[in-house]
Amino acid sequence: TILEGNGGSQNREEFLILQKLVQSRSDLTAKTLIRAYRAQLEILVAINMGIQAFLHPNISLSQTSLIEVFVYKRCRNIACQSQLPADDCSCEICANRNGFCNLCMCVICNKFDFEVNTCRWIGCDFCSHWTHTDCAIRDGQICMGPSAKSGTGPTEMLFHCRACNRTSELLGWVKDVFQHCVPAWDREALMRELDFVSRIFRGSDDPRGKKLFLKCEDLLEKLRGGLAESMAGRSILMFFQELDTDSSTSLENGEGGGLIAPQEACNRIADVVQEAIKKMEMVADEKMRMFKKARLALDACERELEDKAKEVAELKLERQKKKLQIEELEKIVRLKHAEADMFQLKANEAKQEAERLQRIAHAKSDKSEEEYTSSYLKLRLSEAEAEKKYLFEKIKLQESSHTSQSSNGGDPSQILTYAKIRDLLHGYNIPSKTDSHPNERHKFRTNP
(Lines give C-alpha, C1' and ligand atoms only; values in the text may rest on other atoms or scores of the structure.)
Protein backbone atom coordinates (compact mmCIF):
# COMPACT_ATOMS: atom_id res chain seq x y z
CA THR A 1 0.00 0.00 0.00
CA ILE A 2 2.86 2.38 0.78
CA LEU A 3 4.54 1.63 -2.57
CA GLU A 4 1.31 2.24 -4.49
CA GLY A 5 0.97 5.62 -2.79
CA ASN A 6 -2.81 5.71 -2.89
CA GLY A 7 -2.86 7.32 0.53
CA GLY A 8 -1.40 10.58 -0.80
CA SER A 9 1.39 12.56 0.81
CA GLN A 10 1.35 10.47 4.00
CA ASN A 11 2.23 7.29 2.09
CA ARG A 12 4.93 9.12 0.13
CA GLU A 13 6.49 10.38 3.34
CA GLU A 14 6.34 6.90 4.87
CA PHE A 15 8.00 5.46 1.78
CA LEU A 16 10.78 8.07 1.79
CA ILE A 17 11.45 7.35 5.47
CA LEU A 18 11.64 3.60 4.76
CA GLN A 19 13.85 4.16 1.70
CA LYS A 20 16.26 6.41 3.60
CA LEU A 21 16.36 3.90 6.46
CA VAL A 22 17.21 1.02 4.10
CA GLN A 23 19.80 3.06 2.18
CA SER A 24 21.47 4.16 5.43
CA ARG A 25 22.07 0.57 6.53
CA SER A 26 25.76 0.02 5.82
CA ASP A 27 25.50 -3.61 6.95
CA LEU A 28 23.22 -4.52 4.01
CA THR A 29 25.92 -5.78 1.65
CA ALA A 30 26.10 -8.64 -0.83
CA LYS A 31 27.71 -10.86 1.81
CA THR A 32 25.05 -10.24 4.45
CA LEU A 33 22.07 -10.30 2.08
CA ILE A 34 22.96 -13.82 0.93
CA ARG A 35 21.69 -15.01 4.35
CA ALA A 36 18.34 -13.17 4.10
CA TYR A 37 15.07 -14.93 3.47
CA ARG A 38 13.75 -14.48 -0.06
CA ALA A 39 10.67 -12.51 1.11
CA GLN A 40 12.90 -10.18 3.15
CA LEU A 41 15.17 -9.67 0.15
CA GLU A 42 12.25 -8.89 -2.19
CA ILE A 43 10.86 -6.32 0.29
CA LEU A 44 14.27 -4.66 0.73
CA VAL A 45 14.81 -4.43 -3.06
CA ALA A 46 11.28 -3.10 -3.63
CA ILE A 47 11.78 -0.37 -1.00
CA ASN A 48 15.29 0.56 -2.14
CA MET A 49 14.28 0.81 -5.81
CA GLY A 50 10.72 2.06 -5.24
CA ILE A 51 9.33 -0.60 -7.59
CA GLN A 52 6.50 -2.78 -6.26
CA ALA A 53 6.87 -5.24 -9.18
CA PHE A 54 9.54 -7.05 -7.17
CA LEU A 55 6.74 -8.14 -4.79
CA HIS A 56 4.51 -9.49 -7.56
CA PRO A 57 3.94 -13.27 -7.21
CA ASN A 58 4.36 -13.86 -10.96
CA ILE A 59 7.82 -12.25 -11.05
CA SER A 60 10.50 -14.54 -9.69
CA LEU A 61 14.13 -13.43 -9.86
CA SER A 62 16.99 -15.46 -8.47
CA GLN A 63 18.42 -14.48 -5.10
CA THR A 64 21.68 -13.52 -6.79
CA SER A 65 19.89 -11.21 -9.21
CA LEU A 66 17.94 -9.55 -6.37
CA ILE A 67 21.18 -8.94 -4.45
CA GLU A 68 22.87 -7.48 -7.56
CA VAL A 69 19.88 -5.16 -8.11
CA PHE A 70 20.04 -4.03 -4.45
CA VAL A 71 23.79 -3.19 -4.67
CA TYR A 72 23.37 -1.52 -8.11
CA LYS A 73 25.25 -4.17 -10.08
CA ARG A 74 22.23 -5.11 -12.24
CA CYS A 75 19.56 -3.02 -13.97
CA ARG A 76 16.43 -2.58 -11.83
CA ASN A 77 14.29 -2.72 -15.00
CA ILE A 78 12.90 -6.27 -14.83
CA ALA A 79 12.53 -6.30 -18.63
CA CYS A 80 16.21 -5.40 -19.10
CA GLN A 81 18.20 -6.99 -16.23
CA SER A 82 21.54 -6.00 -17.82
CA GLN A 83 24.77 -6.11 -15.87
CA LEU A 84 25.97 -2.61 -14.92
CA PRO A 85 27.57 -0.65 -16.37
CA ALA A 86 25.77 -1.76 -19.54
CA ASP A 87 28.05 -2.49 -22.53
CA ASP A 88 30.96 -1.69 -20.16
CA CYS A 89 30.32 2.00 -20.77
CA SER A 90 32.84 4.22 -18.97
CA CYS A 91 31.17 7.59 -19.48
CA GLU A 92 30.73 9.89 -16.51
CA ILE A 93 27.01 9.18 -16.14
CA CYS A 94 27.33 5.37 -16.25
CA ALA A 95 30.32 5.48 -13.90
CA ASN A 96 28.90 7.83 -11.27
CA ARG A 97 25.17 7.08 -11.20
CA ASN A 98 24.24 4.12 -9.04
CA GLY A 99 21.99 1.71 -10.95
CA PHE A 100 21.96 3.69 -14.22
CA CYS A 101 21.54 1.58 -17.38
CA ASN A 102 22.24 3.30 -20.71
CA LEU A 103 20.20 0.68 -22.58
CA CYS A 104 16.81 1.54 -21.09
CA MET A 105 17.04 4.61 -18.82
CA CYS A 106 16.73 8.31 -19.52
CA VAL A 107 19.96 10.29 -19.13
CA ILE A 108 18.05 13.21 -17.59
CA CYS A 109 15.36 11.72 -15.31
CA ASN A 110 17.06 8.34 -14.70
CA LYS A 111 13.70 6.53 -15.24
CA PHE A 112 12.78 3.72 -17.59
CA ASP A 113 9.67 2.42 -19.31
CA PHE A 114 8.77 -0.26 -21.83
CA GLU A 115 8.04 1.99 -24.85
CA VAL A 116 9.76 0.98 -28.12
CA ASN A 117 9.42 2.06 -31.77
CA THR A 118 8.40 5.55 -30.74
CA CYS A 119 9.49 9.18 -30.89
CA ARG A 120 9.06 9.36 -27.12
CA TRP A 121 12.70 8.28 -26.77
CA ILE A 122 15.59 10.02 -28.55
CA GLY A 123 18.81 8.05 -29.03
CA CYS A 124 22.22 9.62 -29.45
CA ASP A 125 23.87 8.75 -32.79
CA PHE A 126 27.30 8.52 -31.13
CA CYS A 127 27.05 7.04 -27.59
CA SER A 128 23.70 5.21 -27.90
CA HIS A 129 22.40 6.73 -24.65
CA TRP A 130 18.67 7.45 -24.49
CA THR A 131 16.66 10.47 -23.38
CA HIS A 132 12.94 11.07 -23.02
CA THR A 133 11.70 13.55 -25.59
CA ASP A 134 9.75 15.40 -22.91
CA CYS A 135 12.86 15.61 -20.70
CA ALA A 136 14.98 16.85 -23.61
CA ILE A 137 12.43 19.56 -24.51
CA ARG A 138 12.04 20.61 -20.87
CA ASP A 139 15.82 20.82 -20.27
CA GLY A 140 16.57 22.59 -23.57
CA GLN A 141 18.46 19.64 -25.08
CA ILE A 142 16.54 20.15 -28.36
CA CYS A 143 17.40 23.38 -30.15
CA MET A 144 18.51 24.88 -33.46
CA GLY A 145 22.16 24.54 -34.50
CA PRO A 146 24.52 24.03 -37.42
CA SER A 147 24.22 20.78 -39.37
CA ALA A 148 25.28 17.82 -37.29
CA LYS A 149 26.97 16.19 -40.33
CA SER A 150 29.08 19.04 -41.68
CA GLY A 151 29.10 21.43 -38.73
CA THR A 152 28.52 24.32 -41.13
CA GLY A 153 25.80 25.55 -43.42
CA PRO A 154 22.17 26.30 -42.52
CA THR A 155 20.90 25.51 -39.06
CA GLU A 156 18.55 22.66 -38.29
CA MET A 157 16.81 21.14 -35.27
CA LEU A 158 19.34 19.14 -33.22
CA PHE A 159 19.44 17.00 -30.11
CA HIS A 160 22.28 17.65 -27.65
CA CYS A 161 23.24 14.50 -25.71
CA ARG A 162 24.10 15.15 -22.07
CA ALA A 163 26.18 11.95 -21.87
CA CYS A 164 28.70 12.66 -24.62
CA ASN A 165 27.98 16.39 -25.31
CA ARG A 166 27.56 15.75 -29.04
CA THR A 167 24.62 16.59 -31.28
CA SER A 168 22.39 14.44 -33.49
CA GLU A 169 20.04 15.66 -36.24
CA LEU A 170 16.36 14.98 -35.59
CA LEU A 171 14.54 15.19 -38.94
CA GLY A 172 16.25 12.10 -40.39
CA TRP A 173 15.69 10.23 -37.10
CA VAL A 174 11.96 11.09 -37.13
CA LYS A 175 11.73 10.01 -40.78
CA ASP A 176 13.34 6.63 -40.02
CA VAL A 177 11.03 6.04 -37.06
CA PHE A 178 7.90 6.78 -39.13
CA GLN A 179 9.01 4.72 -42.14
CA HIS A 180 9.63 1.66 -39.99
CA CYS A 181 6.84 1.96 -37.42
CA VAL A 182 3.81 3.68 -38.99
CA PRO A 183 2.20 0.38 -40.17
CA ALA A 184 2.26 -0.98 -36.61
CA TRP A 185 0.69 2.08 -34.95
CA ASP A 186 -3.00 2.33 -34.23
CA ARG A 187 -4.95 5.60 -34.25
CA GLU A 188 -4.03 6.69 -30.72
CA ALA A 189 -0.36 5.78 -31.18
CA LEU A 190 -0.14 7.74 -34.48
CA MET A 191 -1.72 10.82 -32.88
CA ARG A 192 0.67 10.55 -29.94
CA GLU A 193 3.71 10.28 -32.23
CA LEU A 194 2.58 13.21 -34.39
CA ASP A 195 2.21 15.25 -31.20
CA PHE A 196 5.79 14.37 -30.16
CA VAL A 197 7.17 15.44 -33.57
CA SER A 198 5.08 18.63 -33.50
CA ARG A 199 6.52 19.60 -30.13
CA ILE A 200 10.08 18.77 -31.27
CA PHE A 201 9.88 21.04 -34.36
CA ARG A 202 7.62 23.72 -32.91
CA GLY A 203 10.44 26.28 -32.68
CA SER A 204 12.28 25.25 -35.84
CA ASP A 205 13.70 27.95 -38.17
CA ASP A 206 14.67 25.37 -40.77
CA PRO A 207 12.22 25.36 -43.75
CA ARG A 208 12.02 21.58 -43.70
CA GLY A 209 11.42 21.56 -39.93
CA LYS A 210 8.68 24.18 -40.32
CA LYS A 211 7.01 22.10 -43.05
CA LEU A 212 7.15 19.00 -40.85
CA PHE A 213 5.66 20.91 -37.91
CA LEU A 214 2.79 22.25 -40.05
CA LYS A 215 2.21 18.80 -41.59
CA CYS A 216 1.95 17.17 -38.15
CA GLU A 217 -0.47 19.84 -36.92
CA ASP A 218 -2.60 19.42 -40.06
CA LEU A 219 -2.72 15.61 -39.73
CA LEU A 220 -3.57 15.85 -36.02
CA GLU A 221 -6.49 18.14 -36.84
CA LYS A 222 -7.69 15.77 -39.59
CA LEU A 223 -7.37 12.71 -37.34
CA ARG A 224 -9.46 14.46 -34.69
CA GLY A 225 -11.99 15.15 -37.45
CA GLY A 226 -12.26 11.45 -38.36
CA LEU A 227 -9.50 10.81 -40.92
CA ALA A 228 -8.48 7.14 -41.08
CA GLU A 229 -5.08 6.39 -39.54
CA SER A 230 -4.02 4.48 -42.67
CA MET A 231 -4.60 7.60 -44.81
CA ALA A 232 -2.71 9.75 -42.30
CA GLY A 233 0.18 7.24 -42.26
CA ARG A 234 0.45 7.25 -46.07
CA SER A 235 0.26 11.04 -46.09
CA ILE A 236 3.18 11.50 -43.68
CA LEU A 237 5.30 8.95 -45.56
CA MET A 238 4.61 10.76 -48.86
CA PHE A 239 5.53 14.02 -47.14
CA PHE A 240 8.95 12.63 -46.17
CA GLN A 241 9.51 11.49 -49.79
CA GLU A 242 8.58 14.94 -51.08
CA LEU A 243 10.86 16.49 -48.48
CA ASP A 244 13.77 14.37 -49.71
CA THR A 245 12.97 15.30 -53.33
CA ASP A 246 12.87 19.02 -52.50
CA SER A 247 16.18 18.68 -50.67
CA SER A 248 17.78 16.97 -53.66
CA THR A 249 16.42 19.63 -56.00
CA SER A 250 17.85 22.38 -53.87
CA LEU A 251 21.22 20.62 -53.94
CA GLU A 252 21.05 20.43 -57.74
CA ASN A 253 20.62 24.19 -57.89
CA GLY A 254 23.56 24.64 -55.55
CA GLU A 255 23.80 26.60 -52.39
CA GLY A 256 23.17 30.32 -52.90
CA GLY A 257 21.71 29.70 -56.41
CA GLY A 258 25.09 28.86 -58.09
CA LEU A 259 25.32 26.59 -61.17
CA ILE A 260 26.75 23.06 -61.06
CA ALA A 261 28.30 20.89 -63.76
CA PRO A 262 25.90 18.85 -65.94
CA GLN A 263 27.61 15.58 -65.03
CA GLU A 264 27.31 16.35 -61.32
CA ALA A 265 23.69 17.32 -61.82
CA CYS A 266 23.05 14.01 -63.61
CA ASN A 267 24.81 12.13 -60.86
CA ARG A 268 22.73 13.89 -58.22
CA ILE A 269 19.54 13.25 -60.15
CA ALA A 270 20.52 9.61 -60.49
CA ASP A 271 21.17 9.48 -56.74
CA VAL A 272 17.79 11.06 -56.07
CA VAL A 273 16.10 8.61 -58.44
CA GLN A 274 17.90 5.70 -56.83
CA GLU A 275 16.88 6.97 -53.41
CA ALA A 276 13.30 7.39 -54.60
CA ILE A 277 13.34 3.89 -56.06
CA LYS A 278 14.68 2.53 -52.78
CA LYS A 279 11.97 4.38 -50.90
CA MET A 280 9.34 3.08 -53.30
CA GLU A 281 10.71 -0.44 -52.94
CA MET A 282 10.65 -0.06 -49.19
CA VAL A 283 7.05 1.14 -49.36
CA ALA A 284 6.19 -1.69 -51.76
CA ASP A 285 7.87 -4.22 -49.44
CA GLU A 286 6.01 -2.73 -46.53
CA LYS A 287 2.73 -2.90 -48.45
CA MET A 288 3.50 -6.50 -49.41
CA ARG A 289 4.31 -7.26 -45.79
CA MET A 290 1.08 -5.60 -44.72
CA PHE A 291 -0.80 -7.53 -47.42
CA LYS A 292 0.73 -10.82 -46.26
CA LYS A 293 0.00 -9.91 -42.66
CA ALA A 294 -3.58 -9.03 -43.58
CA ARG A 295 -3.86 -12.24 -45.59
CA LEU A 296 -2.58 -14.27 -42.67
CA ALA A 297 -4.97 -12.44 -40.38
CA LEU A 298 -7.81 -13.14 -42.83
CA ASP A 299 -6.89 -16.83 -43.00
CA ALA A 300 -6.71 -16.95 -39.24
CA CYS A 301 -10.11 -15.28 -39.03
CA GLU A 302 -11.54 -17.74 -41.53
CA ARG A 303 -10.13 -20.67 -39.57
CA GLU A 304 -11.44 -19.18 -36.38
CA LEU A 305 -14.82 -18.65 -38.08
CA GLU A 306 -14.86 -22.30 -39.18
CA ASP A 307 -13.93 -23.39 -35.68
CA LYS A 308 -16.66 -21.19 -34.26
CA ALA A 309 -19.16 -22.61 -36.78
CA LYS A 310 -18.20 -26.13 -35.70
CA GLU A 311 -18.54 -25.10 -32.08
CA VAL A 312 -21.96 -23.60 -32.84
CA ALA A 313 -23.05 -26.80 -34.60
CA GLU A 314 -21.78 -28.88 -31.67
CA LEU A 315 -23.56 -26.57 -29.26
CA LYS A 316 -26.78 -26.86 -31.26
CA LEU A 317 -26.47 -30.66 -31.28
CA GLU A 318 -25.72 -30.64 -27.57
CA ARG A 319 -28.67 -28.32 -27.03
CA GLN A 320 -30.93 -30.68 -28.99
CA LYS A 321 -29.71 -33.61 -26.91
CA LYS A 322 -30.32 -31.66 -23.73
CA LYS A 323 -33.78 -30.72 -24.98
CA LEU A 324 -34.61 -34.39 -25.68
CA GLN A 325 -33.27 -35.35 -22.27
CA ILE A 326 -35.38 -32.64 -20.65
CA GLU A 327 -38.49 -33.83 -22.51
CA GLU A 328 -37.75 -37.42 -21.45
CA LEU A 329 -37.30 -36.29 -17.87
CA GLU A 330 -40.56 -34.33 -18.06
CA LYS A 331 -42.35 -37.47 -19.30
CA ILE A 332 -40.86 -39.48 -16.44
CA VAL A 333 -41.92 -36.76 -13.99
CA ARG A 334 -45.46 -36.76 -15.36
CA LEU A 335 -45.55 -40.58 -15.15
CA LYS A 336 -44.29 -40.47 -11.58
CA HIS A 337 -46.92 -37.86 -10.73
CA ALA A 338 -49.62 -40.13 -12.23
CA GLU A 339 -48.26 -43.09 -10.30
CA ALA A 340 -48.22 -40.99 -7.15
CA ASP A 341 -51.83 -39.95 -7.72
CA MET A 342 -52.80 -43.60 -8.34
CA PHE A 343 -50.99 -44.76 -5.22
CA GLN A 344 -52.63 -41.95 -3.24
CA LEU A 345 -56.05 -43.04 -4.53
CA LYS A 346 -55.30 -46.65 -3.62
CA ALA A 347 -54.06 -45.52 -0.23
CA ASN A 348 -57.28 -43.60 0.34
CA GLU A 349 -59.32 -46.63 -0.71
CA ALA A 350 -57.23 -48.87 1.55
CA LYS A 351 -57.74 -46.44 4.41
CA GLN A 352 -61.48 -46.46 3.86
CA GLU A 353 -61.46 -50.27 3.66
CA ALA A 354 -59.42 -50.44 6.86
CA GLU A 355 -61.88 -48.14 8.60
CA ARG A 356 -64.78 -50.31 7.36
CA LEU A 357 -63.04 -53.48 8.54
CA GLN A 358 -62.30 -51.83 11.85
CA ARG A 359 -65.97 -50.97 12.30
CA ILE A 360 -66.91 -54.57 11.39
CA ALA A 361 -64.27 -55.83 13.81
CA HIS A 362 -65.66 -53.63 16.58
CA ALA A 363 -69.19 -54.84 15.80
CA LYS A 364 -68.03 -58.46 15.78
CA SER A 365 -66.06 -57.87 18.94
CA ASP A 366 -69.18 -56.49 20.68
CA LYS A 367 -71.27 -59.42 19.39
CA SER A 368 -68.61 -61.92 20.50
CA GLU A 369 -68.54 -60.24 23.91
CA GLU A 370 -72.28 -60.63 24.22
CA GLU A 371 -72.17 -64.25 23.02
CA TYR A 372 -69.34 -64.96 25.42
CA THR A 373 -71.20 -63.38 28.30
CA SER A 374 -74.33 -65.37 27.43
CA SER A 375 -72.33 -68.62 27.19
CA TYR A 376 -70.60 -67.83 30.44
CA LEU A 377 -73.87 -67.14 32.21
CA LYS A 378 -75.44 -70.32 30.81
CA LEU A 379 -72.44 -72.33 31.95
CA ARG A 380 -72.59 -70.73 35.40
CA LEU A 381 -76.28 -71.49 35.53
CA SER A 382 -75.75 -75.14 34.61
CA GLU A 383 -72.95 -75.37 37.20
CA ALA A 384 -75.21 -73.80 39.82
CA GLU A 385 -78.02 -76.15 38.86
CA ALA A 386 -75.68 -79.15 39.16
CA GLU A 387 -74.33 -77.91 42.46
CA LYS A 388 -77.85 -77.28 43.71
CA LYS A 389 -78.87 -80.74 42.63
CA TYR A 390 -75.83 -82.20 44.31
CA LEU A 391 -76.54 -80.30 47.50
CA PHE A 392 -80.19 -81.40 47.45
CA GLU A 393 -79.17 -85.02 47.07
CA LYS A 394 -76.61 -84.65 49.80
CA ILE A 395 -79.14 -82.97 52.08
CA LYS A 396 -81.70 -85.64 51.35
CA LEU A 397 -79.12 -88.25 52.21
CA GLN A 398 -78.25 -86.42 55.40
CA GLU A 399 -81.92 -85.90 56.21
CA SER A 400 -82.50 -89.60 55.89
CA SER A 401 -79.54 -90.28 58.09
CA HIS A 402 -80.63 -87.61 60.60
CA THR A 403 -84.16 -88.94 60.60
CA SER A 404 -82.87 -92.32 61.53
CA GLN A 405 -80.63 -90.72 64.14
CA SER A 406 -83.45 -88.59 65.55
CA SER A 407 -85.59 -91.61 65.82
CA ASN A 408 -82.75 -93.00 67.75
CA GLY A 409 -82.54 -89.83 69.88
CA GLY A 410 -80.32 -87.40 67.75
CA ASP A 411 -79.30 -83.75 68.52
CA PRO A 412 -82.20 -81.31 67.95
CA SER A 413 -79.85 -78.33 67.14
CA GLN A 414 -78.19 -80.29 64.33
CA ILE A 415 -81.59 -81.12 62.91
CA LEU A 416 -82.49 -77.43 63.01
CA THR A 417 -79.28 -76.51 61.11
CA TYR A 418 -80.02 -78.90 58.31
CA ALA A 419 -83.52 -77.49 58.06
CA LYS A 420 -82.13 -73.96 57.61
CA ILE A 421 -79.71 -75.15 54.90
CA ARG A 422 -82.54 -76.73 53.04
CA ASP A 423 -84.59 -73.54 53.23
CA LEU A 424 -81.65 -71.54 51.87
CA LEU A 425 -81.20 -73.94 48.94
CA HIS A 426 -84.85 -73.57 48.10
CA GLY A 427 -84.37 -69.79 47.98
CA TYR A 428 -81.05 -69.87 45.99
CA ASN A 429 -80.86 -67.44 42.98
CA ILE A 430 -78.29 -67.44 40.09
CA PRO A 431 -76.32 -64.04 39.97
CA SER A 432 -76.83 -61.77 36.97
CA LYS A 433 -74.16 -60.59 34.51
CA THR A 434 -73.56 -57.39 36.39
CA ASP A 435 -73.11 -59.26 39.71
CA SER A 436 -70.42 -61.62 38.40
CA HIS A 437 -66.83 -60.92 39.39
CA PRO A 438 -64.38 -60.31 36.52
CA ASN A 439 -61.92 -62.80 37.99
CA GLU A 440 -64.56 -65.51 37.74
CA ARG A 441 -64.75 -64.93 33.96
CA HIS A 442 -61.01 -65.20 33.68
CA LYS A 443 -61.06 -68.34 35.85
CA PHE A 444 -63.74 -69.85 33.65
CA ARG A 445 -61.80 -69.13 30.41
CA THR A 446 -58.53 -70.53 31.69
CA ASN A 447 -60.00 -73.37 33.70
CA PRO A 448 -63.43 -74.41 32.33
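The values are calculated or read from the model by the stated rules, or taken from the named source; none is laboratory data. Quick caveat, the model's predicted, so the values are computed rather than measured. Reconstructed Cβ throughout: ideal geometry from the backbone, glycine too, with neighbour counts over all protein chains shown. The protein model used for the area step is the full one, side chains on, heavy atoms only, and it has no ligands, DNA or RNA in it. Shrake-Rupley method; radii C 1.70, N 1.55, O 1.52, S 1.80 Å.
If you take the alpha carbon radius of gyration of segment 1-71 and divide it by 2.2 N^0.38 Å, what ratio comes out, to two decimals?
So the Cα radius of gyration is 1.11 times the expected 2.2 N^0.38 Å.
Where does the charge balance sit around Gln320 when Lys and Arg score +1, Asp and Glu -1, over other residues with C-beta under 14 Å from its C-beta?
Its environment carries a net charge of +1.
Compute the Cα gyration tensor for segment 106-247, then decide on rounded, prolate or oblate, letting a ≥ b ≥ c be the square roots of its eigenvalues: rounded whenever a/c is under 1.5, prolate when a/b is larger than b/c in the other cases, and oblate in all that remain.
Oblate.
Given a 1.4 Å probe and every protein chain left where it sits, what share in percent of the accessible area of segment 1-71 is carbon and sulfur?
Answer for segment 1-71 is 54 percent, counting heavy atoms of protein chains only.
Find the Cα radius of gyration of segment 77-148, compare it with 2.2 N^0.38 Å by division, and give the number to two decimals.
1.13
Determine the sum of side-chain charges near Thr64: Lys and Arg each +1, Asp and Glu each -1, restricted to other residues whose C-beta is under 11 angstrom from that of Thr64.
+1
Averaged per residue, what accessible surface does segment 1-43 expose to a 1.4 Å probe, in Å²?
Heavy-atom accessible area per residue stands at 78 Å².
Tell me, what is the per residue accessible area of segment 106-247 in Å², probe radius 1.4 Å?
Here the residues of segment 106-247 average 48 Å² of exposed surface.
Just list whichever of Lys292/Lys316; Lys20/Lys111; Lys364/Lys389 have alpha carbons separated by over 29 Å in the model shown.
Lys292/Lys316; Lys364/Lys389
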